[in-house]
1. In this structure, is B:Gly276 in contact with a strand residue (DSSP E or B) (Cβ under 7 Å, 6 or more places away or on another chain) and either in contact (Cβ under 8 Å) with a residue 24 or more places away in the chain or surrounded by 23 or more Cβ atoms within 10 Å (Cβ to Cβ) (or both)?
2. Take region A:200-230 and flag every residue that is under 30 Å from A:Glu155 (Cβ atoms) and crowded, with 23+ Cβ neighbours inside 10 Å.
3. Looking at region A:405-419, I want the residues that are closer than 16 Å to A:Ala386 by Cβ and without any contact (Cβ under 8 Å) to a residue 40 or more places away in the chain and have a partner that is assigned to a helix (DSSP H, G or I) and among the basic types (Lys, Arg) with Cβ atoms under 9 Å, at least 6 apart or on another chain. Which pairs are those?
4. What number goes with the only condition from (1) outside any helix (DSSP H, G or I); (2) within 14 Å of another protein chain (Cβ to nearest Cβ) that B:Glu79 does not pass?
5. How many of the residues in region A:376-417 are within 10 Å of chain B (Cβ to nearest Cβ), more than 18 Å from the chain's Cα centre (by Cα) and of a type in the set (Asp, Glu)?
6. Can you find a residue in region B:63-73 that is surrounded by 11 or more Cβ atoms within 10 Å (Cβ to Cβ) and in contact with a Pro (Cβ under 8 Å, 6 or more places away or on another chain)?
7. What about B:Glu79, is it closer than 25 Å to B:Phe292 by Cβ and surrounded by 10 or more Cβ atoms within 10 Å (Cβ to Cβ)?
8. Those residues that are of a type in the set (S, T, N, Q), touching a Phe, Trp or Tyr at 6+ places or on another chain (Cβ under 7 Å) and free of Cβ contacts under 8 Å to residues at least 24 places away in the same chain, I need them from region B:160-182; list them, please.
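Throughout, read-outs are computed from the coordinates displayed, never taken from laboratory work. Computed from a prediction, not measured in an experiment: that's the story for all the values here. Ideal geometry is used to build each Cβ from the backbone, glycine not excepted, and the neighbour counts take in all protein chains shown.
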Amino acid sequence: MHNFLKASTAALALAVAATGANADGHALSGDLRIISDMSNPAPRAVMEGLVADFGAMHPDLNIELDIVDRDGWKTQIRNALSANPPDVVNWYAATRMTPYVDAGLFMDVSDLWAEEHFDALASTKGAMTLDGKQWGVPYTYYQWGIYYRKDIFDELGLSEPTTWEEEKANCQAIIDSGRKCYTIGTKFLWTAGGWFDYINSRTHGYDFHIQLANGEVEWTDDRVKQTFANWRELIDMGAFVEDHQSMSWQESLPALVEGDAAAILKGNFAVAPLRDAGLTDDQLDFYQFPTITEGVAPAEDAPTDTFHIASGAQNVKAAKEFLRFVTSADVQTAINSGDALGQLPVNANASVSDDKFVNEGFDMLSNNASGGIMQFFDRDFPAEMASAGMEGLQEFMVFPDNLDDILARLEDARQRIYK
Amino acid sequence: MADIASPTAETRSWYKRNEIAVTPWLFLLPGIAFFALYVIIPIFQSFWISFYEWDGLGEKVWVGTAHYERLLGGDRKFEVSFWNNIKWLFLYLLAIPGGLFIALLLNQTVRGIRLYKSLFFFPFVISQVVVGLVFSWFYLPNDGLFDIIVGTFGIDIKGGVLGNPNTATYGIIAAGLWPQTAYCMILYLTGLNAVDPEQVEAARLDGAKGWKMLWYVILPQLKPATFIAFVVTIIGALRSFDFIAVMTNGGPFGSTRVLSFYMFEESLSEFGFRMGYGAAIAVVLFFIMLFFITYFLYSMYRDEKGAR
C-alpha cells in the first residue's frame with residue numbers, strides 16, 4: 001500500500017504537469033460527486049487514493065465519494081442515474097452501456113476523446129463507442145485465459161496445449177490420473193459464459209461471435225451447434241468438476257488449490273485469491289485458450305471497467321478533468337500496478353507492472369489477439385439475451401442432452417429481444 | 001329550519017355538531033392516506049405499467065395486453081414459476097399440523113419448559129436469510145450433513161439437493177417450513193392458553209381422551225388460531241422470495257423460480273429491464289393472492305354473521 005501511495009504521489013506531480021497546460025491555470029471548484037463500485041479491498045484503496053490525489057491537486061474542489069457494493073451497483077445504477085444523479089460513476093464497456101446511453105443517462109464525451117491525450121487510449125476506443133460516439137473512459141482491463149497447476153502438468157509430463165487436440169489429450173491424461181481438468185462454479189451463471197465465448201470464437205471467429213451477440217445469427221444455426229458439439233466433447237469426457245451448479249466461482253477454487261482439478265478458465269482476478277490460498281507462482285501458470293479451428297484468428301475476452309459522466313452531472317468541468325486524470329499514463333501505471341489493482345493499464349504510455357500474470361496477459365493481448373477483443377458474454381450480449389443465454393449454458397453443462405430444447409428457447413428469446 | 005327549531009345548534013361549531021361521525025375518520029385519515037399512497041395507488045400503477053413495454057429508463061411504449069398474452073400463452077418460465085408457487089402453497093401448509101403437534105407437546109408444565117419453547121421458536125426470530133444460508137450448507141453436495149445422512153442409506157442426489165432441478169424446490173420449501181412451523185406453534189400455544197379447562201374437564205368426565213378429545217374438544221376451540229395460521233402460511237408461501245434468492249438464486253436453470261422471484265428477475269435484477277412484463281407477472285400474482293384473501297375475508301364474514 002505504501003508503495004502505491006508513493007507511486008501515486010509521483011503520478012500526481014507528473015499529472016499536474018501534464019494537465020496543467022490543459023486546464024490553463026484556472027482551478028476547479030464546487031462539488032464533485034462520485035459513485036464508485038470498487039468495493040473489494042484493493043480496488044477500494046485505489047479509488048480512495050485517486051480521490052485523495054485528485055483532491056490534493058484541486059484544493060478548492062469538494063469531492064464526495066460513495067463506494068457501493070459492486071454487485072449491488074448493477075441494480076442500483078438505474079435509480080442513481082435518474083434521480084439526483086452524481087457527476088461520475090463506474091460501469092462497464094460495450095453493449096452493457098446501451099440501456100443508459102439509449103435513455104440519455106450517460107453524457108457523450110466524444111469531445112474528450114478528440115483530445116490529443118486520448119490518442120494513447122485508441123485500443124479501447126471501440127469498446128467505449130456506441131452510435132459513433134464515446135460515452136465514457138476505461139480505467140483498467142484484464143485478460144482471460146486458462147490458469148493451471150504447473151506442478152500437476154509437470155508431474156504428468158504435460159505441456160501447455162496450443163490446439164484443441166492437445167487440450168483434449170492433456171485433459172484425458174489428467175482425468176486418468178484421477179483429477180478433473182477444469183474447476184468451475186456456475187451457480188451465478190456468468191462463469192459458463194466465458195467457456196462459450198472462447199469455444200465459439202475459436203471455432204468460428206470473432207466476427208461470427210459478435211454477429212451472434214448482435215442477434216444476426218439464429219441460435220439454432222448449425223454453426224452454433226458445432227460450438228456446442230466441441231464443448232460437449234469436454235463435458236462427455238468428464239472434464240469439469242461435478243456439482244458446479246451449486247457453487248460460486250469462489251467456492252470452486254479449493255478444487256484447484258487442493259489439486260483435485262488442474263485448471264480454471266478465468267479472468268486475471270482469480271490470481272489474487274489463488275495466491276492467498278497458498279499457491280506459489282511456481283505452481284500456478286497461465287496459457288492462452290488453444291486454437292480450435294485452424295486459421296481462425298484468436299479473439300480474447302478482456303473486459304474493460306469504466307468511468308462515465310452522468311448526463312445530469314452538475315460539475316461537468318471537474319468530472320471531465322477527473323476522467324483525464326484517471327486515464328493519464330502515470331495514474332494508469334500506479335493504479336494497475338501489482339500492489340494495487342494488478343491489472344492492465346489502458347494508456348499505451350503507461351508501464352505494465354512486473355507481475356508474471358499481468359505480463360503474460362499483456363503480451364497475449366498485444367501480440368496474439370488478432371481476432372479481436374471481446375468484453376465478455378454478459379457485456380457483449382444485450383442484458384436479456386445474456387441472462388437467458390447464461391441460464392441455457394448452465395443447463396447445457398449439466399444436461400447436454402437438452403441442447404435442442406435450450407437452443408429453441410434461446411432462438412425464441414432472440415426473436416423477441418432484437419427488433 | 002334547524003336553526004329555528006334549535007337555536008342552541010347555531011352556537012355549536014360544525015365539528016362539535018358532527019363530532020361522533022367525524023372523529024373516527026380523523027383518526028383513520030393518516031392510516032388511510034399512507035395505505036393509499038404506498039399500497040392502493042401502486043397496485044393501479046402496476047396495472048398501468050403492465051400494458052407498456054418499458055425498460056425503466058426511457059420512453060414507455062403501449063403494447064396493450066401483449067404481455068398477458070405472452071405470459072399465459074406458453075411462457076415456460078412463467079409455467080415453472082406458477083407450478084412452483086402451487087407446490088409452495090400446499091407443502092407450506094404442513095407447517096400448520098407441524099406447529100400444532102409441537103404446541104401440544106410443549107403445552108405442559110415441566111421444569112424448563114420456557115427454555116424448550118424459546119428454542120423451538122428460535123428459527124422464527126432469526127432472519128430468513130440466515131436460515132436459508134444454514135440450510136444451503138446443510139444441503140451441500142459431498143460435505144453437507146444432509147448428503148452424508150442420505151448417503152448412508154445409499155441415496156445419491158446428483159448435483160446435491162439444491163443443484164438438482166428435481167429436488168431443489170422441495171429443499172427450499174423444507175428450509176422455509178422450519179421457521180413457519182415455529183410461527184404456527186406460537187399461534188397454537190397462545191390458543192391453547194385460551195382453551196376452557198371446564199370443557200376439558202367435562203369431556204374427560206364423559207370419557208373422552210386422546211384423538212377424540214383433540215378432535216372434538218380442543219381443535220374447535222383452536223379455530224381462531226387455525227384461521228390465523230392458515231392466513232399467514234398462505235401469504236408466506238406466496239411471497240417466498242428470500243429463501244429462493246439466498247439458496248439457489250432461481251437456479252439450477254430457473255427450476256426454483258416462483259412468481260415473485262420471476263417478477264424481480266424480469267424487472268429489477270441485474271439483467272432485468274422489462275418493467276412492463278414484470279408488472280404483468282405482479283398483476284397475475286396479485287389476483288392469485290386476491291382469490292385466497294377474498295376467500296378468507298368471506299369465511300370470516302360468514303363466521304361473524306353466524307356468531308350473531
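1. Working: in contact with a strand residue (DSSP E or B) (Cβ under 7 Å, 6 or more places away or on another chain): yes; either in contact (Cβ under 8 Å) with a residue 24 or more places away in the chain or surrounded by 23 or more Cβ atoms within 10 Å (Cβ to Cβ) (or both): yes.
Yes.
2. Taking region A:200-230 as the starting set, the residues that turn out to be under 30 Å from A:Glu155 (Cβ atoms) are A:202, A:230.
Selection gives A:Arg202 alone.
3. A:Arg409/B:Arg76; A:Arg416/B:Arg70
4. For B:Glu79, the exception is condition (1).
5. Total satisfying the criteria: 5.
6. Step one: filter region B:63-73 for residues surrounded by 11 or more Cβ atoms within 10 Å (Cβ to Cβ), giving B:63, B:65-72.
If we keep only those that are in contact with a Pro (Cβ under 8 Å, 6 or more places away or on another chain) too, we end up with none.
Within region B:63-73 (the criterion being surrounded by 11 or more Cβ atoms within 10 Å (Cβ to Cβ) and in contact with a Pro (Cβ under 8 Å, 6 or more places away or on another chain)), the answer is no, since none of the residues qualifies.
7. On the way: closer than 25 Å to B:Phe292 by Cβ: yes; surrounded by 10 or more Cβ atoms within 10 Å (Cβ to Cβ): yes.
Yes: the conditions hold for B:Glu79.
8. Here is the first cut: in region B:160-182, the residues of a type in the set (S, T, N, Q) are B:164, B:166-167, B:169, B:180-181.
When the remaining residues are screened for being touching a Phe, Trp or Tyr at 6+ places or on another chain (Cβ under 7 Å), the result is B:180.
Those that are of a type in the set (S, T, N, Q), touching a Phe, Trp or Tyr at 6+ places or on another chain (Cβ under 7 Å) and free of Cβ contacts under 8 Å to residues at least 24 places away in the same chain: none in region B:160-182.
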